[in-house]
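Below is one structure; the comments refer to it alone.
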Amino acid sequence: MRITFVISSLLGGGAERTVANMAAYWTNKGWEITVLTLFHGRGPLAYELHPKVRHIDLLSTTLHHNPRPDAASLLALRDIFDSVSPPERKAIMDDIVLIVALRHAIVKTNPDRVISFIDATNIRVLLALYKLNLKVLVSERSDPRQVSTGREGWDLLRHRLYPLADRIILLHPEAMSFFSPKVQSRCRVISNAAFYSGGSAAKEPRSRNGENKLLSMGRLEREKGIDLLLHAFSRVAPRHPSWFLDIWGEGPQRSLLEDLARDLNLS
């Protein structure tokens with residue numbers, strides 16, 4: 001089995017770590033795995049890839065050495081280009097060089113399956129592989145009800161193109177409500193994997209000073225649900241005074257979350 005993953009970069013993040021873990025897992029099963037990044041450049045990888053995983057970065061290869069799209073690829077996109085709205089057309093034109101480069105790069109890997117990660121990259125992949133009859137799985141890593149692509153054209157294209165994917169992977173069933181019934185029929189819920197490294201887990205994990213500690217890490221943004229975590233912890237904290245909650249992260253909701261922690265008597 002040949003699998004090609006497509007993701008923006010491997011510079012760090014939860015989706016990036018998931019790609020590295022999945023690539024290693026299937027490589028160990030003897031599958032041929034390629035990780036194709038769009039904008040990684042020449043920076044170091046945040047997560048080490050299995051030695052047998054092939055990594056191709058468009059920013060360092062095709063986009064750098066041959067930035068002009070060829071006529072045949074442009075003609076392949078003509079049908080969809082003629083049928084979309086002006087905002088969608090602008091979104092396609094803004095990224096046309098990248099989309100065509102991505103088309104060539106994926107085809108060269110000769111994949112049995114293509115697995116794409118995160119909304120904007122998912123849209124680019126579906127555009128790049130339009131009418132190529134390749135099986136594509138797109139993965140949403142945040143709740144689409146809470147997070148948009150930030151551009152009208154891309155948001156419209158997501159609803160238009162997701163029905164072309166073989167499967168849309170979501171982290172939670174409630175996220176399906178964002179999509180049309182046609183898209184929902186292709187959705188599957190697959191939670192993030194948890195890897196166990198072996199050994200005996202302590203029944204009562206404690207920090208060095210004898211306190212029990214919960215740790216949350218992530219961007220302090222609405223879609224991460226830190227407010228839900230604070231509300232949940234406030235219900236159990238009075239009954240378990242030896243437990244403490246550490247939240248590591250930064251983001252636009254920091255001051256709001258600090259105020260909420262004070263309001264919930266969690267300071």
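The values are calculated or read from the model by the stated rules, or taken from the named source; none is laboratory data. Everything quoted here is computed from the prediction, not taken from an experiment. Don't worry about glycine lacking a Cβ; one is built from the backbone with ideal geometry, like all the others, and counts go over all protein chains shown. Just so you know, the surface numbers come from the protein's heavy atoms only, side chains and all, with ligands and any DNA or RNA stripped out. Shrake-Rupley method; radii C 1.70, N 1.55, O 1.52, S 1.80 Å.
Please report the net charge: other residues with Cβ closer than 14 Å to the Cβ of P252, K and R +1, D and E -1.
Computed value for this residue: -2.
How large is the helix-only mean residue ellipticity at 222 nm for the chain, computed as the sum of -39500 (n - 2.57) over DSSP H runs with n ≥ 4, divided by its residue count, in deg cm²/dmol to the nearest 500?
Per the formula, -10500 deg cm²/dmol.
Once neighbouring chains are kept in place and the probe is 1.4 Å, which whole percent of the accessible area of the chain is contributed by carbon and sulfur?
53 percent
With the crude spin-label approximation of a point 7 Å out along Cα→Cβ, what separation in nm comes out for L256 versus R151?
Rounded to a tenth, the inter-label distance reads 2.6 nm.
Keeping all protein chains in position, work out how much accessible area R262 exposes to a 1.4 Å probe, and write it in Å² to the nearest 10.
130 Å²
For a distance above 22 Å, tell me the whole-number percent of Cα pairs in the chain that qualify.
Taking all Cα-Cα pairs of the chain, the fraction more than 22 Å apart is 63 percent.
What relative contact order, as a whole-number percentage, does segment 60-175 give when Cα pairs under 8 Å and 6 or more residues apart are counted?
That works out to 27 percent.
Under 5 Å between amide H atoms, partner at least 5 residues away or on a different chain: which partners does L214 have, H built in plane at 1.01 Å?
For L214, whose amide H was placed from the backbone, the distant partners under 5 Å are F244, L245, D246.
So how many Lys-Lys pairs in the chain land under 25 Å Cα to Cα, not counting same-chain pairs under 8 apart?
Taking the chain as the scope, the lysine pair count is 12.
With a 1.4 Å probe and all protein chains left in place, how much accessible area per residue does the chain have, in Å²?
Accessible area per residue, the chain: 58 Å².
Can you tell me which of 161-167, 251-257 comes out highest on packing, and rank the rest after it, using the mean Cβ neighbours within 10 Å?
Taking the mean over residues of other Cβ atoms within 10 Å, the ranking is 161-167, 251-257.
Which Cα, out of N110, Y162, A72, lies furthest along the positive dipole direction of segment 53-192 (beta carbon charges, K/R +1, D/E -1)?
Final value for the positive-end residue is N110.
Would you calculate the separation in nanometres between label points at V97 and H231, each defined as 7 Å from the Cα along the Cα-to-beta-carbon direction?
4.7 nm
If you take every residue apart from E221 with its C-beta less than 14 Å away from the C-beta of E221, what net charge results, scoring Lys and Arg +1 and Asp and Glu -1?
+2
What is the sum of charges, Lys and Arg at +1 and Asp and Glu at -1, for the other residues whose Cβ falls under 12 Å from the Cβ of D82?
0
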